[in-house]
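Participant: This structure is in structure tokens; I'll ask about it shortly.
The values are calculated or read from the model by the stated rules, or taken from the named source; none is laboratory data. Keep in mind the model is a prediction, meaning the values are calculated, not measured. Cβ atoms come from the backbone with ideal geometry, glycine included; neighbour counts cover every protein chain shown. These accessible areas exclude ligands, DNA and RNA; they are computed on the full protein's heavy atoms, side chains included. Shrake-Rupley method; radii C 1.70, N 1.55, O 1.52, S 1.80 Å.
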Amino acid sequence: MQKWRATRRLLLNSYSSKSRFDHPRSNPISDHSTTISRSSSGFESWTSRIHYRHLATATIQRNPAFSTLNSDDINHFKGILGDKNVIEDEDTLLFANTDWMRKYKGSSKLLLQPRTTQEVSEVLKYCNSRRLAVVPQGGNTGLVGGSVPVFDEVIINVGSMKQVISFDKVSGVLVCEAGCILENLVCFLDNQGFIMPLDLGAKGSCQIGGNVSTNAGGLRLVRYGSLHGTVLGIEAVLANGDVLDMLGTLRKDNTGYDLKHLFIGSEGSLGIVTKVSILTPPKLSSVNLAFLACKDYSSCQKLLFEAKRRLGEILSAFEFLDNESLNLALNHLEGVRNPLPPAMHNFYVLIETTGSDESYDKEKLEAFLLRSMEDGLISDGVIAQDINQASSFWRIREGVPEALMKAGAVYKYDLSLPVETMYNLVEEMRTILGNSAKVIGYGHLGDGNLHLNISTPQYDDVILAQIEPFVYEWTSKQRGSISAEHGLGLMKANKIFYSKSHETVQLMASIKKLMDPNGILNPYKVLPYSIVSYS
């Protein structure tokens, strides 16, 4: 009887109203970044609720080879950028020095806001000659301490470089500056009949230069792939001020080494990305979203397999969250409610399809869902009837990080693992931590990306010692990655050997040394400081 009711609800919700809608996600906080207001009152509110933990200088010391900022330096920068783009205001610097997680806080005394590539070049040329360390910064929405100073590094924020340079409707190639906010690009392309291949919950804050520099993943990776595939070219400024013009717009270019890939995911440690060309897909007219319940993780896996096989070309997102994640969202997010009738389900899945034929896509999705319910893979489910309902579904999944922050302290781990064993880590962590912490698991099941989160009332070194290095060791034994999409930043720089061999890391260090001999670009990040030595 319960299965019949659930099947009937899927059909009624599908046929009672059009299930076609545009991509509804607005600006909820995602695993990638945040849109929380960073006003002074909001900042104080968050820090008063969450036990602050300053980790920036816990295990490393400032490189003595770096110079200390002086008044002559500031005057030189004012000569390049103008007075208003050389920021010394304490309140502004407080936010620029602090990451969203409130785990990392630097002590920079200067924020620079260049408006052109030439200004970035002049700034870096001077900093390199003076050995002034710098931190490239965009929306400052990272989760691993990669976009804030560790000590007193000069902050170079590219947010003023926000022009769309060109868009070719025939090829779908967009060329823009690095400071463009992702949501603004989404709106621009929407008016042109195209979409960004990258979709993050924090698109209202993050910038495309930061997205490229961290190789951000997001919700559409299962359909459109990573930025290594969609970014066609970049312009970047090296530590010595040299400008590399690799801003190609061709899908095929086999002339020598494809150097742009060095800058995609290197987190500003090899150069500052100033412009990007990216291939954008056409906007399709038919979008459907289903919110489903599964009895166990095995059912989620089988559902993914069947979705890839039976939905094929129209599958655009496959997300999962466990019951603990849903309860967290329901308890801490205003206005969020369970789309399904009250029942104890262990897992939930969101399946999105995107295509060009509304009736065909809807029929295909409904047939898949009914078959999956008959096979016992789905316990219950509902298809969004309109854009508002679809937005409410996405709000649950994308709102989990915000709910975690409201619940207290959180230890976040972003892991790539084999899908069949991925959730075992969540269960093992629950066994280890018992009642001392709440362990939740959710993420991009379609591409094997688990977001493991451990929630506690406040940060506790005893709990941290139970989590690390166990999480990294477990991931390494599975031949997984300790950073699926968040990057390494400061948090995981010394953990890179869990995912990469010593020979590989040594080669990375050689590339860093070649491209940034004085080590001024985003120091202490990405690579272990112990192997990056500078004279």
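Participant: Condition (residue is of a type in the set (V, I, T), open to solvent by 30 Å² or more (accessible area, probe 1.4 Å) and within 19 Å of Q118 (Cα to Cα)) applied to region 175-184: is it met by at least one residue? It would help to see each step written out before you state the result.
Facilitator: Taking region 175-184 as the starting set, the residues that turn out to be of a type in the set (V, I, T) are 175, 181.
From what's left, open to solvent by 30 Å² or more (accessible area, probe 1.4 Å): 181.
The next check asks that each one be within 19 Å of Q118 (Cα to Cα); those that pass are none.
No: region 175-184 contains no residue that is of a type in the set (V, I, T), open to solvent by 30 Å² or more (accessible area, probe 1.4 Å) and within 19 Å of Q118 (Cα to Cα).
Participant: Of the conditions (1) out of contact with any Cys (no Cβ under 6 Å at 6 or more places or on another chain); (2) on the phi < 0 side of the Ramachandran plot, G145 clears all except one; give me its number.
Facilitator: Going through the list (1) out of contact with any Cys (no Cβ under 6 Å at 6 or more places or on another chain); (2) on the phi < 0 side of the Ramachandran plot, G145 breaks only (2).
Participant: Just for region 242-259: of the residues that are in contact with a Leu (Cβ under 8 Å, 6 or more places away or on another chain) and open to solvent by less than 60 Å² (accessible area, probe 1.4 Å), which one is modelled with the lowest pLDDT? Let's see the steps before the verdict.
Facilitator: First pass over region 242-259, keeping only residues in contact with a Leu (Cβ under 8 Å, 6 or more places away or on another chain): 244, 246, 248-251, 259.
Adding the requirement that they be open to solvent by less than 60 Å² (accessible area, probe 1.4 Å) leaves 244, 246, 248.
Details: L244: 98, M246: 97, G248: 93.
This residue is G248.
Participant: Say whether the condition of being buried (at least 16 other Cβ atoms within 10 Å of the Cβ) and closer than 28 Å to Q118 by Cα is met by at least one residue in region 281-302.
Facilitator: No, the conditions are met nowhere in region 281-302.
Participant: While we're here: Please go through region 407-429 and give me each residue that is surrounded by fewer than 22 Cβ atoms within 10 Å (Cβ to Cβ) and either farther than 26 Å from V462 by Cβ or free of Cβ contacts under 8 Å to residues at least 12 places away in the same chain (or both), ordered by number.
Facilitator: P418, V419, E420, T421, N424, E427
Participant: Shifting gears a bit: Is at least one residue of region 316-324 touching an Asp or Glu at 6+ places or on another chain (Cβ under 9 Å), open to solvent by 10 Å² or more (accessible area, probe 1.4 Å) and touching a residue at least 24 places away in the same chain (Cβ under 8 Å)? Before you say what the answer is, go through the steps one by one.
Facilitator: Just the residues of region 316-324 that are touching an Asp or Glu at 6+ places or on another chain (Cβ under 9 Å), to begin with: 316-319.
Right, trim to open to solvent by 10 Å² or more (accessible area, probe 1.4 Å) and you get none.
No; the residues of region 316-324 include none that is touching an Asp or Glu at 6+ places or on another chain (Cβ under 9 Å), open to solvent by 10 Å² or more (accessible area, probe 1.4 Å) and touching a residue at least 24 places away in the same chain (Cβ under 8 Å).
Participant: Using beta carbons and a limit of 6 Å, which pairs, at least six apart or on different chains, have the first residue in region 96-122 and under 19 Å from G139 (Cβ atoms) and outside the structural domain of K412 (by TED's automatic domain parsing) and the second one among the acidic types (D, E) and in a loop (DSSP other than H, G, I, E, B)?
Facilitator: What qualifies is S108/D152; S108/E153.
Participant: Can you tell me which residues in region 185-233 are polar (S, T, N, Q) and either open to solvent by 10 Å² or more (accessible area, probe 1.4 Å) or in contact with a strand residue (DSSP E or B) (Cβ under 6 Å, 6 or more places away or on another chain) (or both)?
Facilitator: Here is the first cut: in region 185-233, the ones polar (S, T, N, Q) are 191-192, 205, 207, 211, 213-215, 226, 230.
If the condition is that a residue be polar (S, T, N, Q) and either open to solvent by 10 Å² or more (accessible area, probe 1.4 Å) or in contact with a strand residue (DSSP E or B) (Cβ under 6 Å, 6 or more places away or on another chain) (or both), then N191, Q192, S205, Q207, S213, T214, N215, S226, T230 are the ones that fit.
Participant: Further question: Take K364 and decide whether it is over 22 Å from F305 (Cβ atoms) and basic (K, R). Spell out the reasoning first.
Facilitator: Values: over 22 Å from F305 (Cβ atoms): no; basic (K, R): yes.
For K364, the condition - over 22 Å from F305 (Cβ atoms) and basic (K, R) - is not met.
Participant: Would you mind finding the one in G201, G139 that is in contact with an Asp or Glu (Cβ under 6 Å, 6 or more places away or on another chain) and in contact (Cβ under 8 Å) with a residue 40 or more places away in the chain?
Facilitator: Just one listed residue meets the conditions, G201.
Participant: For region 90-135, how many residues meet the condition of being of a type in the set (S, T, N, Q), closer than 21 Å to R62 by Cβ and touching a strand residue (DSSP E or B) at 6+ places or on another chain (Cβ under 7 Å)? Give the derivation first.
Facilitator: Of the residues in region 90-135, the ones of a type in the set (S, T, N, Q) are 92, 97-98, 107-108, 113, 116-118, 121, 128-129.
With closer than 21 Å to R62 by Cβ added as a condition, the list becomes 97-98, 107-108, 128-129.
Still in the running and touching a strand residue (DSSP E or B) at 6+ places or on another chain (Cβ under 7 Å): 97-98, 108.
Here the count works out to 3.
Participant: For region 77-136, enumerate the residues that are over 27 Å from the mean Cα position of the chain (by Cα) and aromatic (F, W, Y).
Facilitator: F77, Y126
Participant: Take the conditions small (G, A, S), closer than 19 Å to N327 by Cα and open to solvent by 40 Å² or more (accessible area, probe 1.4 Å) and apply them to S379. Does it pass?
Facilitator: Details: small (G, A, S): yes; closer than 19 Å to N327 by Cα: yes; open to solvent by 40 Å² or more (accessible area, probe 1.4 Å): no.
So S379 does not fit the description; no.
Participant: Can I ask one more? Restricting to region 430-457, what's the tally of residues that are touching a residue at least 40 places away in the same chain (Cβ under 8 Å) and polar (S, T, N, Q)? Before the answer, list the steps.
Facilitator: Just the residues of region 430-457 that are touching a residue at least 40 places away in the same chain (Cβ under 8 Å), to begin with: 438-447, 449, 451-457.
Going one step further and asking which of them are polar (S, T, N, Q), we end up with 449, 453, 455-456.
Final tally of qualifying residues: 4.
Participant: Then there is this: Of all residues in region 298-337, which are part of a helix (DSSP H, G or I) and among the small types (G, A, S)? I'd like the intermediate steps shown before the answer.
Facilitator: Let us first name the residues in region 298-337 that are part of a helix (DSSP H, G or I), namely 298-310, 312-314, 323-332.
Residues satisfying the conditions are S298, S299, A307, G312, S325, A329.
Per-residue answers, yes or no, for (1) more than 20 Å from the chain's Cα centre (by Cα); (2) among the basic types (K, R); (3) farther than 29 Å from H444 by Cα:
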site: R223; (1), (2), (3): no, yes, no
site: V231; (1), (2), (3): no, no, no
site: L247; (1), (2), (3): yes, no, yes
site: I264; (1), (2), (3): no, no, no
site: E267; (1), (2), (3): no, no, no
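Participant: Right, next: What is the residue count in region 338-375 for residues that are of a type outside the set (S, T, N, Q), closer than 15 Å to A293 by Cα and not in a loop (DSSP other than H, G, I, E, B)? Talk me through it step by step, then tell me what you get.
Facilitator: Step one: filter region 338-375 for residues of a type outside the set (S, T, N, Q), giving 339-345, 347-352, 355, 357-358, 360-371, 373-375.
Restricting the remaining residues to those that are closer than 15 Å to A293 by Cα gives 339-345, 347-352, 368-371, 373-375.
Keeping just the survivors that are not in a loop (DSSP other than H, G, I, E, B) gives 347-352, 368-371, 373-374.
Number satisfying all stated conditions: 12.
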